[in-house]
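*Asks:* Can you keep this structure in mind? I'll have questions shortly.
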Amino acid sequence: MTIDVRFFDYLGQKKLSELIELTGAEPVSAADVNIISIAASDVAGPSDICFIEGHEKATRAVSEQAAACFVSAKMARHLPDGVVPVIVKQPRWAFVQASRALYRVRDWSVGKATYSVHETAILAPGVIIGDGAAIGERVRIGPNTVIGSGVQIGRDTTIGANISIFCALIGDHVTILSGARIGESGFGVTLGPDGAEDIPQLGRVILQDHVTIGANTCIDRGALSDTIIGERTKIDNLCQIAHNCVLGRNVMMASFGGISGSVTVGDGVMMGGRVGIADHVKIGDGARLAASAGVFRDIGAGEAWGGTPAKPLRQHLREVAWLDRQVAARRSDKK
Amino acid sequence: MTIDVRFFDYLGQKKLSELIELTGAEPVSAADVNIISIAASDVAGPSDICFIEGHEKATRAVSEQAAACFVSAKMARHLPDGVVPVIVKQPRWAFVQASRALYRVRDWSVGKATYSVHETAILAPGVIIGDGAAIGERVRIGPNTVIGSGVQIGRDTTIGANISIFCALIGDHVTILSGARIGESGFGVTLGPDGAEDIPQLGRVILQDHVTIGANTCIDRGALSDTIIGERTKIDNLCQIAHNCVLGRNVMMASFGGISGSVTVGDGVMMGGRVGIADHVKIGDGARLAASAGVFRDIGAGEAWGGTPAKPLRQHLREVAWLDRQVAARRSDKK
Amino acid sequence: MTIDVRFFDYLGQKKLSELIELTGAEPVSAADVNIISIAASDVAGPSDICFIEGHEKATRAVSEQAAACFVSAKMARHLPDGVVPVIVKQPRWAFVQASRALYRVRDWSVGKATYSVHETAILAPGVIIGDGAAIGERVRIGPNTVIGSGVQIGRDTTIGANISIFCALIGDHVTILSGARIGESGFGVTLGPDGAEDIPQLGRVILQDHVTIGANTCIDRGALSDTIIGERTKIDNLCQIAHNCVLGRNVMMASFGGISGSVTVGDGVMMGGRVGIADHVKIGDGARLAASAGVFRDIGAGEAWGGTPAKPLRQHLREVAWLDRQVAARRSDKK
């Protein structure tokens, strides 16, 4: 993915040698190579640096086009030919340092924001708009809401009070209720020499047309890709959608729903209250997740699941009923 | 219920024929009837239009006084005599269109808000107050908080920072902590010809005297009735109370509590952390719900329940203990 | 603990007789004693009043140095010699009245705030800063954020939009995401003659260096001690940390984590999403809590627990698998 400079300042290309110095990696012969950007290992291009961790099999996911790759000594020889291995003890942490050397979230423009607001849009008092933002026809924005630098908002969208929106593209006829947090930095932590460290999040949030986002709900921006909410998807209050999630159209998600990172949710999925989904899980079109379901594996299209850990709903209900009978029976034995 | 024009603009009465045109319903002979308002089917009066969906039995809940009722072809003949059936494929969706034709949430008044603040009230910097709001004696409001149009706040009430309050009547000696969202639109979705669509929420929130609302907690306004929090009820941080709920007095609700739509909670009910209650459930006076209970059925006065799905607490604890013994026994068998 | 006058106004010492009159307690001969402050019973000093409730054994926890102690008639004779028993029906409620007579949260300074902002700090538009606050080098604060009176913020700390921070000391290199609520009043309720009443919360929040706090997360200030988040601890969005909790270093806490009052969490503890911990529980260093765990007892260092109520993770997984087999077997019997 190209990192969107409407939201992130590009700090200029670096020599590979500079990144090596920054990360304490072992010297390489190709130190003069220019590194223009960072990328996930499977999509890295000829001027990108990436990283790889885990089992040796993971090295298969490194693009043959990548310029260089942070990697442990043990895994280095498994990289594709032509990718410069940059050997370092903590490859993910090294990648974080490279990210920081190349990009920075745009700072708030003090006293010099230039943005565009359509003449039919209505901004309440206290609305603050960042540099390069654009607000479309008939948009209404409630008091004390913050629209970050570069944010684009379509037509006929209604935004409540005390909301913050950063690093996001918002469609037409979207509704966002008060206190929602769109485009905050997702929860990504790596261990470095000094302990836990946040991983920069350089993706965006995309809310398609007719999406509704509930009060105090959080939709994190992607790490190296986008978090996308499909058309007419409706999300209740106090929900959490982590980085890189892709939700389809007409998804219904009740209060306290929590979707971990990189989850895919198909069209028309229905979620009761307090549903949780573990990271990287895929939920098929039209699946139904009962209230309080805790989902740790992929679910096929049209299936109904419930319980924690979630099972097919009929099996879950059978277990609940069976357990009930066992204990009731034993109790009457004692009488 | 009468819709409170302090919070919603009335767009003027409509001919039934106009609403029929708007919704694609079948023509009726009584097309000239004036429709003044909308109402729930059981309380609709002689100038109201309502709707009915579901089984034929549901038609019994239509008031004989209703002027007209959106209804499917199949159910139309079961309506009371004198109620004009307006036949349409998606009655709820049609009702939504009628709601929109008759009422609209009051827009933020730009540059012309007239409101009343008692001389003893203290407003911090950044407080924004809507048209027609009234703030009572010795009220204190924290920085960047938003008080919507028409909101009424009693005496000696303390309101924190970055809060938004809309469509609400707030009593005396109420405490609202920072980031709370009072009176946002509840989560109501209907399917229309283009997919999922939000249902307008035209009710209010009423917080009685001495209520406390925690930080970042959300209390949605009612759909066609009010959401009411009774005297001295205390609600912790990050709770969700959906539209039309009625909570009694001295209710205690710990963090992450979630109450779905149209739930009734009696006086003195105690809820541990992360309790969830399904919609339309009734909880009797003095009931106790253990932490993490997921309640899907009515609970009698004074009872203690726990688990998900919740059961009487003693039974739940017996099940937990029994399951523990079964697996422990089997494990020692293997040794 | 000494109550921090940067955050709370001291209303001046009181005669014990004044506090007796305020609470309806029984008269004492030592009515002339000066009460300078309040304290928890085990640390109360020679000018402090405290309270005690519960079983007679609880009286052992009263410091021999305490000036006076609100206590029930039944327990009064068990107090240490030299501590004046102040006999009252509802000792906790009486203590709350004494707290209110001695301290009050600092009101927002209207039009006269004096604070210090380092010249290298960047404040976005709409930031509001209270009297006596201090903002360090290179701190960045996002739009419409509120920094309460007396709050101290270290160097290189980044604070997002629409945040509120009260009664807190914030370290260096801290990151706080939008909508977080730091230092709100914790959830403490006592029953008084008129029903439920909030207990004043007179402690602070301390965020150590390199801490990250997620969007819309709430960290309550302590009641009579501090809520402390250790160095490099990373907390996701929509979490709740109640009063008096002490978290160690490098703790990881995923979304919807909820920690009840006075919990201790050791260094390096890992919590999956939606983990809940009951009040006063202690979690040892390096423990791991699986997603959705509901923890009601202490957990040793390095242990892994899961389920609700939480058990050692292997036992929990065995139970889940066993239940699965039982019901699957019975189902195939029926075929």
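*Asks:* Which of the residues belonging to region C:209-219 are facing another protein chain (nearest Cβ under 7 Å) and within 15 Å of B:Ala215 (Cα to Cα)?
*Replies:* Those that are facing another protein chain (nearest Cβ under 7 Å) and within 15 Å of B:Ala215 (Cα to Cα): C:Gly214, C:Ala215, C:Asn216, C:Cys218.
*Asks:* Select from region A:133-191 the residues that are hydroxyl-bearing (Ser, Thr, Tyr) and more than 17 Å from A:Ile229 (Cβ to Cβ) and list them in ascending order.
*Replies:* Hits for region A:133-191 are A:Thr145, A:Ser149, A:Ser178, A:Ser185, A:Thr190.
*Asks:* Tell me, which residue of region A:274-289 that is assigned to a loop (DSSP other than H, G, I, E, B) and under 21 Å from the mean Cα position of the chain (by Cα) is nearest to B:Phe187 (Cα to Cα)?
*Replies:* A:Arg274
*Asks:* Would it be correct to say that C:Ala94 is assigned to a helix (DSSP H, G or I) and in contact with a Ser or Thr (Cβ under 8 Å, 6 or more places away or on another chain)?
*Replies:* It is true that C:Ala94 is assigned to a helix (DSSP H, G or I) and in contact with a Ser or Thr (Cβ under 8 Å, 6 or more places away or on another chain).
*Asks:* Anything in region B:38-67 that is touching a Phe, Trp or Tyr at 6+ places or on another chain (Cβ under 8 Å) and outside any loop (DSSP other than H, G, I, E, B)? List them, or say none.
*Replies:* Across region B:38-67, the qualifying residues are B:Ile38, B:Ile49, B:Cys50, B:Phe51.
*Asks:* Can you tell me which of B:Gly195, B:Gly179 is modelled with pLDDT under 95 and either outside the structural domain of B:Ser37 (by TED's automatic domain parsing) or among the aliphatic types (A, V, I, L, M) (or both)?
*Replies:* Just a single option satisfies the conditions, and that option is B:Gly195.
*Asks:* May I pose another question? Taking the stated definitions as given, is C:Ala61 among the small types (Gly, Ala, Ser), under 24 Å from the mean Cα position of the chain (by Cα) and modelled with pLDDT under 95?
*Replies:* The answer is yes for C:Ala61.
*Asks:* So which of C:Ser292, C:Ser255, C:Ser262 ends up being away from chain A (no Cβ under 14 Å), hydroxyl-bearing (Ser, Thr, Tyr) and assigned to a loop (DSSP other than H, G, I, E, B)?
*Replies:* Within the list C:Ser292, C:Ser255, C:Ser262, the selection yields C:Ser262.
*Asks:* Starting from region A:49-65, keep only residues that are more than 23 Å from A:Leu16 (Cβ to Cβ), then list their pairs with residues that are loosely packed, with under 13 Cβ neighbours inside 10 Å whose Cβ atoms are within a distance under 9 Å, requiring at least 6 positions of separation or different chains.
*Replies:* A:Glu56/A:Lys74
*Asks:* I need the full set of residues from region C:130-156 which are part of a loop (DSSP other than H, G, I, E, B), under 17 Å from B:Val127 (Cα atoms) and within 11 Å of chain A (Cβ to nearest Cβ), in order please.
*Replies:* C:Pro143, C:Asn144, C:Thr145
*Asks:* Here's something else I'd like to know. If you scan region C:295-329, which residues turn out to be assigned to a helix (DSSP H, G or I) and aromatic (Phe, Trp, Tyr)?
*Replies:* The one that is assigned to a helix (DSSP H, G or I) and aromatic (Phe, Trp, Tyr): C:Trp322.
*Asks:* Checking the condition free of Cβ contacts under 8 Å to residues at least 40 places away in the same chain and out of contact with any helix residue (DSSP H, G or I) (no Cβ under 8 Å at 6 or more places or on another chain), which residue from B:Leu123, B:Leu177 passes?
*Replies:* Sole residue among the options that is free of Cβ contacts under 8 Å to residues at least 40 places away in the same chain and out of contact with any helix residue (DSSP H, G or I) (no Cβ under 8 Å at 6 or more places or on another chain): B:Leu123.
*Asks:* Pairs only if they're at least six apart or on different chains, beta carbon under 6 angstrom, first in region A:91-102 and touching a residue at least 60 places away in the same chain (Cβ under 8 Å), second among the hydroxyl-bearing types (Ser, Thr, Tyr); list them, first residue then second.
*Replies:* A:Arg92/A:Thr190; A:Trp93/A:Thr190; A:Ala94/A:Thr23; A:Val96/A:Thr190; A:Gln97/A:Thr23
*Asks:* Still on this structure, I have one more. Applying the selection to region B:173-203, what residues are within 13 Å of chain C (Cβ to nearest Cβ), touching a His at 6+ places or on another chain (Cβ under 9 Å) and within 20 Å of A:Asn162 (Cβ to Cβ)?
*Replies:* Within region B:173-203, B:Val174, B:Thr175 qualify.
*Asks:* Just to be sure, is B:Val88 under 24 Å from the mean Cα position of the chain (by Cα) and outside the structural domain of B:Asn244 (by TED's automatic domain parsing)?
*Replies:* No.
*Asks:* On to the next question. Identify all residues within region B:220-252 that are aliphatic (A, V, I, L, M) and away from chain C (no Cβ under 14 Å); write none if there are none.
*Replies:* Listed by number, the residues that qualify are B:Ala223, B:Leu224, B:Ile228, B:Ile241, B:Ala242, B:Val246.
*Asks:* OK, next. Just one of (1) surrounded by fewer than 21 Cβ atoms within 10 Å (Cβ to Cβ); (2) basic (Lys, Arg); (3) facing chain A (nearest Cβ under 10 Å) trips up C:Arg318, so point out which.
*Replies:* For C:Arg318, the exception is condition (3).
*Asks:* Looking at C:Arg155, C:Arg181, which is the one that is buried (at least 24 other Cβ atoms within 10 Å of the Cβ) and basic (Lys, Arg)?
*Replies:* C:Arg181
*Asks:* So, one more: With B:Ile206, B:Ile170 as the choices, which residue is closer than 20 Å to B:Arg6 by Cα, more than 10 Å from chain C (Cβ to nearest Cβ), more than 11 Å from the chain's Cα centre (by Cα) and without any contact (Cβ under 8 Å) to a residue 40 or more places away in the chain?
*Replies:* Criteria check complete, one pass: B:Ile170.
Conditions (1) in a loop (DSSP other than H, G, I, E, B); (2) not basic (Lys, Arg), marked per residue:
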position: A:Ala73; (1), (2): yes, yes
position: A:Asp81; (1), (2): yes, yes
position: A:Arg104; (1), (2): no, no
position: A:Lys112; (1), (2): yes, no
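*Asks:* Say whether the condition of being of a type in the set (D, E, K, R), under 28 Å from the mean Cα position of the chain (by Cα) and under 30 Å from A:Thr145 (Cα atoms) is met by at least one residue in region A:38-50.
*Replies:* Checking region A:38-50: not a single residue is of a type in the set (D, E, K, R), under 28 Å from the mean Cα position of the chain (by Cα) and under 30 Å from A:Thr145 (Cα atoms).
*Asks:* Among the candidates B:Leu79, B:Leu16, which residue alone is more than 30 Å from B:Gly130 (Cα to Cα) and in contact (Cβ under 8 Å) with a residue 40 or more places away in the chain?
*Replies:* Going through B:Leu79, B:Leu16 in turn, just one is more than 30 Å from B:Gly130 (Cα to Cα) and in contact (Cβ under 8 Å) with a residue 40 or more places away in the chain: B:Leu16.
*Asks:* So, in region A:76-111, of the ones that are buried (at least 18 other Cβ atoms within 10 Å of the Cβ) and within 14 Å of another protein chain (Cβ to nearest Cβ), which residue ends up farthest from A:Leu22 (Cα to Cα)?
*Replies:* A:Trp108
*Asks:* Please give the strands (runs of 3 or more DSSP E) falling wholly within region B:178-230 in which 2 or more residues are out of contact with any Phe, Trp or Tyr (no Cβ under 9 Å at 6 or more places or on another chain) and more than 21 Å from B:Ser37 (Cβ to Cβ).
*Replies:* Here the list reads B:195-198, B:226-229.
*Asks:* Determine which single condition C:Cys167 fails, assuming it passes every other condition in (1) at pLDDT 95 or above; (2) not assigned by TED's automatic domain parsing to the domain that holds C:Asp220.
*Replies:* All conditions are met except number (2).
*Asks:* Right, another one. Considering region B:287-335 alone, what residues qualify as being at pLDDT 95 or above and β-branched (Val, Ile, Thr)?
*Replies:* B:Val295, B:Ile299, B:Thr308, listed by residue number.
The values are calculated or read from the model by the stated rules, or taken from the named source; none is laboratory data. Just so we're clear, the structure is a prediction, and the values are computed from it rather than from any experiment. Every residue, glycine among them, receives a Cβ derived from its backbone with ideal geometry; neighbour counts consider all protein chains shown.
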